[in-house]
1. Which whole-number percent is the relative contact order of the chain (Cα, under 8 Å, 6+ apart)?
2. Within a 10 angstrom radius of the beta carbon, how do 50, 64 rank from fewest other beta carbons to most?
3. Would any residue of region 44-70 have its amide N under 19 Å from a label point 7 Å out along Cα→Cβ of residue 14? List them or say none.
4. What is the ratio of the Cα radius of gyration of the chain to 2.2 N^0.38 Å, with N the residue count, to two decimals?
5. Using a simple spin-label model with points 7 Å from Cα along the Cα→Cβ vector, what separation in nm is obtained for residue 2 and residue 72?
């Protein structure tokens, strides 16, 4: 299963839906994880930390094609399929 982790777009939201430690567990369970470039910046987590545990770093377009999308808050109108 492909899991996508996008940048949170709500004003004032500084969290990210998964830490590198969580992503590592998803990958160990056999899932592929794509993290949108910059998703962890507001949480002081660089893209390199996600890449180091095996995640792919991609565009918003790549993340939103995932089978499962992880977000802290509900998607806004522009993010809904």
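Values quoted throughout were computed directly from the atomic coordinates according to the rules given, and no laboratory measurement underlies them. Computed from a predicted model, the values in this text were never measured in an experiment. Cβ sites come from the backbone with ideal geometry, for glycine too, and all protein chains shown count toward neighbours.
1. 42
2. Result, fewest neighbours first: 64, 50.
3. 44-47
4. Expressed relative to 2.2 N^0.38 Å, the Cα Rg reads 0.99.
5. 2.6
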